[in-house]
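Just below is one structure, and these are the notes that go with it.
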Amino acid sequence: KAGVTQTPRYLIKTRGQQVTLSCSPISGHRSVSWYQQTPGQGLQFLFEYFSETQRNKGNFPGRFSGRQFSNSRSEMNVSTLELGDSALYLCASSLISSYNEQFFGPGTRLTVL
Amino acid sequence: DAKTTQPTSMDCAEGRAANLPCNHSTISGNEYVYWYRQIHSQGPQYIIHGLKNNETNEMASLIITEDRKSSTLILPHATLRDTAVYYCIVRVDSNYQLIWGAGTKLIIKP
């Protein structure tokens, strides 16, 4: 079956702009988690969605938001971009919860200039 | 902060068993230990997880000490494709989050 897909794969934005990233989970998976990965901080949990509801949230400012649709697809949005938001954003899906086996997508590489 | 500590890097000869240690001395009773790996330029890949007992699957074995303060991931016959960063993660009981540390960069040498 098809894996987790993320679009776009690469994105360049300027400070102050906003961005929306998309994630399509594996068919049948209902949990979608988002992570930010940077060389300095490593992998950091952003949030988890299950059945269109945010179930868990990491320690990120309110500029980072997300949502999940009825077909389990998810989007995350970052408003008022800062240089420090440059990172690889990873989406992971799992059947029920992030403590089941998570399947990661290839990520979206965001560069903020 | 991550609840685990791992060596920054390790080498292993191709065909030999790779043993990756992880210290999680502050782990609580119901907190699971997970292992993922990340091959360069790819998303992380699940390997195995466990609570108390040793676990084995087609990829690896997980050995957890009786006091649960440390564990070892064993790749029985390492290949060049096993070169990756290996993350040992504890699932925090209070909010079920996985807190990722810096991982161990494992290099398999021919």
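The values are calculated or read from the model by the stated rules, or taken from the named source; none is laboratory data. Predicted model only: the values in this text are computed from it and were never measured. With ideal geometry, Cβ positions are generated from the backbone for all residues, glycine too; neighbour counts draw on all protein chains shown. We work out accessible area using only protein heavy atoms, side chains counted, and drop any ligands, DNA or RNA first. Shrake-Rupley method; radii C 1.70, N 1.55, O 1.52, S 1.80 Å.
Quick notes
- Answer from B:Thr4, B:Thr56 - the residue that is of a type in the set (S, T, N, Q) and either in contact with a helix residue (DSSP H, G or I) (Cβ under 8 Å, 6 or more places away or on another chain) or under 30 Å from A:Gln6 (Cα atoms) (or both): B:Thr4
- A single entry from A:Gly62, A:Gly84, A:Gly66 fulfils the requirement of being over 25 Å from A:Ser51 (Cβ atoms) and more than 14 Å from chain B (Cβ to nearest Cβ): A:Gly84.
- Number of positions in the range A:92-108 that are assigned to a loop (DSSP other than H, G, I, E, B) and either within 11 Å of chain B (Cβ to nearest Cβ) or touching a Leu at 6+ places or on another chain (Cβ under 7 Å) (or both): 9
- Qualifying residue in the range B:9-29 (condition: within 30 Å of A:Thr7 (Cα to Cα), open to solvent by 50 Å² or more (accessible area, probe 1.4 Å) and basic (Lys, Arg)): no
Condition check ((1) open to solvent by 40 Å² or more (accessible area, probe 1.4 Å); (2) not in a loop (DSSP other than H, G, I, E, B)) across all residues:
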| residue | (1), (2) |
| --- | --- |
| A:Gln17 | yes, no |
| A:Ser33 | no, yes |
| A:Phe47 | no, yes |
| A:Asn56 | no, yes |
| A:Phe60 | no, no |
| A:Gly66 | no, yes |
| A:Met76 | no, yes |
| A:Leu81 | no, no |
| A:Leu90 | no, yes |
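- Residue match in the range B:38-57 (condition: without any contact (Cβ under 8 Å) to a residue 40 or more places away in the chain, of a type outside the set (S, T, N, Q) and exposed (fewer than 13 other Cβ atoms within 10 Å of the Cβ)): yes
- For the range B:84-110, a residue qualifies if it is more than 14 Å from every other protein chain (Cβ to nearest Cβ) and either assigned to a strand (DSSP E or B) or buried (at least 18 other Cβ atoms within 10 Å of the Cβ) (or both), and the qualifying residues are B:Leu106, B:Ile107, B:Ile108, B:Lys109.
- Test set (1) farther than 21 Å from B:Gly103 by Cα; (2) acidic (Asp, Glu); (3) within 12 Å of chain B (Cβ to nearest Cβ); (4) free of Cβ contacts under 8 Å to residues at least 40 places away in the same chain - A:Glu48 fails condition number: (4)
- Where A:Gly28 falls short, out of the listed (1) open to solvent by 20 Å² or more (accessible area, probe 1.4 Å); (2) touching a residue at least 60 places away in the same chain (Cβ under 8 Å); (3) assigned to a strand (DSSP E or B): (3)
- Residue satisfying all of: in the range A:35-45; within 16 Å of A:Ser65 (Cα to Cα) and within 10 Å of another protein chain (Cβ to nearest Cβ); most open to solvent (accessible area, probe 1.4 Å) among these: A:Gln44
- Among the residues of this structure, A:Gly58 does not count as one that is closer than 23 Å to B:Trp35 by Cα and under 10 Å from the mean Cα position of the chain (by Cα).
- Positions within the range B:58-70 being in contact with a His (Cβ under 8 Å, 6 or more places away or on another chain) and open to solvent by 80 Å² or more (accessible area, probe 1.4 Å), in sequence order: B:Lys69
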